[in-house]
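Here is the structure we will look at, set down as structure tokens.
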Amino acid sequence: MIEIDGSYGEGGGQILRTSLALSAVLRRPVRVHSIRGGRSNPGLQPQHLRGAQALARMTGARTEGLHIGSKTITFIPQEIVPGNHRFEVGTAGSVSLLMQGLLLPLSLAKERSRLTLVGGTHVSWSPPFHYIDQVLFPTLNSMGVSLEATLERWGWYPRGGGIVHVEVEPASELKPVVLIDRGRLKRIRGISASSHLPEHVVRRQRDWAIRRIEAELNLEAEIELIEDAPANSPGSFLFLMAESEKAIAGFSSLGERGKRAEDVAGEAVDSLKRYVQRDGCIDPHLADQLIPFMSIARGCSSFTTTEVTDHLVTNLWVVGHFLDVQISRCGQRGEVGRVDITGSPS
């Protein structure tokens with residue numbers, strides 16, 4: 001049985017998600033201890049518990065320790081069961097984080113699957129739906145899997161209740177991906193959206209973002225307005241994408257009570273600006289999310305990223321416990337970096 005120290009590196013929930021996903025794909029039992037040992041409230045929280053329960057249900061896994069506050073769990077998976085699955089994260093728990101744990105196993109299942117996920121679609125500390133749909137999915141589709149997502153209802157903090165449907169057409173095996181040079185920047189586009197808020201909010205977000213992008217980057221931006229996104233509670237959001245010849249990068253910011261629309265726009269523009277002005281092909285969020293898929297793909301996968309993050313380093317460490325693959329990383333935390341993963345899964 002593989003043993004994983006859940007307090008390693010950033011010591012958060014990603015260690016658990018990656019470990020269980022690889023365990024499910026490879027059908028290798030795993031025990032994760034010191035879960036979320038790097039957090040002020042260690043152990044399984046509702047978000048992480050729901051994710052583990054969903055994967056256990058989808059793989060018929062035998063488990064131990066699946067309860068709130070648990071610091072150690074054992075996961076012994078059986079064969080992945082494709083088909084129609086519905087999972088509720090609870091209130092505004094992140095749909096995208098739940099999705100992270102399920103996508104890899106379903107991408108290599110024997111048949112097509114359809115997920116319906118209920119929870120937070122645009123919440124703090126997780127990729128928003130539009131990042132998953134517009135940045136992550138196109139990249140994974142280039143590796144041979146076919147992923148399509150539909151947003152039925154938006155889910156903002158604190159009420160959540162968002163609904164996302166995901167269609168997964170699996171691949172017999174994943175193809176390697178090479179993302180070294182982003183090429184010429186073709187355009188910047190995005191979305192300024194809100195629910196149950198005055199119309200001027202989305203317009204101010206859009207206008208301030210466009211003004212800053214033109215003034216500081218000498219670039220034009222196309223930003224779509226969504227003035228009354230269907231949702232159970234108020235919220236606002238700005239999403240920006242940098243589309244280059246060979247890569248797509250995404251950056252976002254969420255509104256909250258007392259936060260000016262211009263500040264929402266400014267956060268997303270700051271992230272976009274850092275990306276545009278640095279070397280590296282893909283953004284930091286895509287970098288860590290690609291690692292599990294690259295580790296399963298046959299052949300050599302490589303990317304450069306504008307920033308090496310704790311999440312990236314931690315995911316590489318987890319992969320090394322499951323697979324006999326060659327991993328090379330250049331660049332320290334906070335720096336531009338490169339990752340190469342070579343070898344066939346065992």
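Read-outs: derived from the displayed coordinates by stated rules, not from any lab. Keep in mind that this is a model prediction, so the values were computed, not measured. In this analysis, Cβ positions are derived from the backbone assuming ideal geometry, glycine residues included, and neighbour counts consider all displayed protein chains.
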- Can you tell me the 0 to 90 degree angle between the C-alpha axis of helix 13-26 and the longest principal axis of the chain, rounded to 10? 50
- 0 to 90° range, to nearest 10: angle between helix 95-107 axis and the chain longest Cα axis: 50
- Rank-order 88-98, 15-25, 256-266 by packing density, defined as the average count of other C-beta atoms within 10 Å over each peptide's residues, highest first. 15-25, 88-98, 256-266
- In the neighborhood of V318, defined by Cβ-to-Cβ distances under 12 Å, what is the net charge if each Lys or Arg adds +1 and each Asp or Glu adds -1? -3
- Calculate how steeply helix 310-322 sits against the longest principal axis of the alpha-carbon atoms of the chain, using the helix alpha-carbon long axis, and give the answer as 0 to 90 degrees to the nearest 10. 20
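For L147, what is the net charge nearby, where nearby means another residue's Cβ is under 12 Å from its Cβ and Lys, Arg count +1, Asp, Glu -1?
Value of the local net charge: -2.
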- Message: Can you find, among L179, G144, G120, the residue sitting farthest towards the positive end of the charge dipole of segment 111-183, where Lys and Arg contribute +1 and Asp and Glu -1 at Cβ?
- Response: G120
- Task: Can you tell me the dipole magnitude for the chain around its Cα centre, using point charges on the Cβ only (Lys, Arg +1; Asp, Glu -1), in Debye to the nearest 20?
- Result: 600
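Just check segment 25-101 against the gyration tensor rule for me: Cα atoms, a ≥ b ≥ c as the square roots of the eigenvalues, rounded for a/c under 1.5, and otherwise prolate or oblate depending on whether a/b exceeds b/c.
Oblate.
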- Query: By the gyration tensor of its Cα atoms, with a ≥ b ≥ c the square roots of the eigenvalues, what is the shape of segment 205-253: rounded for a/c under 1.5, prolate for a/b over b/c, or oblate?
  - Reply: oblate
- Query: What percent does the relative contact order of segment 232-277 come to when contacts are Cα pairs within less than 8 Å and at least six residues apart?
  - Reply: 36
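Mind putting a number on the dipole of segment 82-172 about its Cα centre? Charges go on the C-beta only, +1 for Lys and Arg and -1 for Asp and Glu, and I need it in Debye to the nearest 20.
Around 180 debye, computed over segment 82-172.
Could you give the dipole magnitude of segment 1-79 about its Cα centre, charging the beta-carbon of Lys and Arg +1 and that of Asp and Glu -1, in debye to the nearest 20?
160
Is the shape of segment 87-239 rounded, prolate or oblate, going by the alpha carbon gyration tensor and its root eigenvalues a ≥ b ≥ c, with a/c under 1.5 for rounded and a/b larger than b/c for prolate?
oblate
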- Furthest towards positive pole of dipole, S252, A287, S301, structure part segment 214-346, Cβ charges: S301
- Query: Pairs K71/K175; K175/K246; K71/K110: which are spaced more than 28 Å apart, C-alpha to C-alpha?
  - Reply: K71/K175; K71/K110
- Let me have the relative contact order for the chain, percent, based on Cα pairs under 8 Å that are six or more residues apart. 14
- Rounded to the nearest 500 deg cm²/dmol, what is the calculated helix-only ellipticity per residue at 222 nm for the chain, with -39500 (n - 2.57) per DSSP H run of length n ≥ 4? -10000 deg cm²/dmol
- Message: Give the separation of the Cα centroids, segment 281-340 to segment 82-123, in Å.
- Response: 23
- Query: Dimensions of the chain along principal axes (Cα, Å, largest first)?
  - Reply: 55, 41, 39
- Could you give me the radius of gyration and the Dmax of segment 185-277, taking only the C-alpha atoms into account and expressing both in angstrom? 12.8, 39
- Task: Work out how far the C-alpha atoms of segment 82-172 reach from end to end along every principal axis, then list the three figures in whole Å, largest first.
- Result: 40, 24, 19
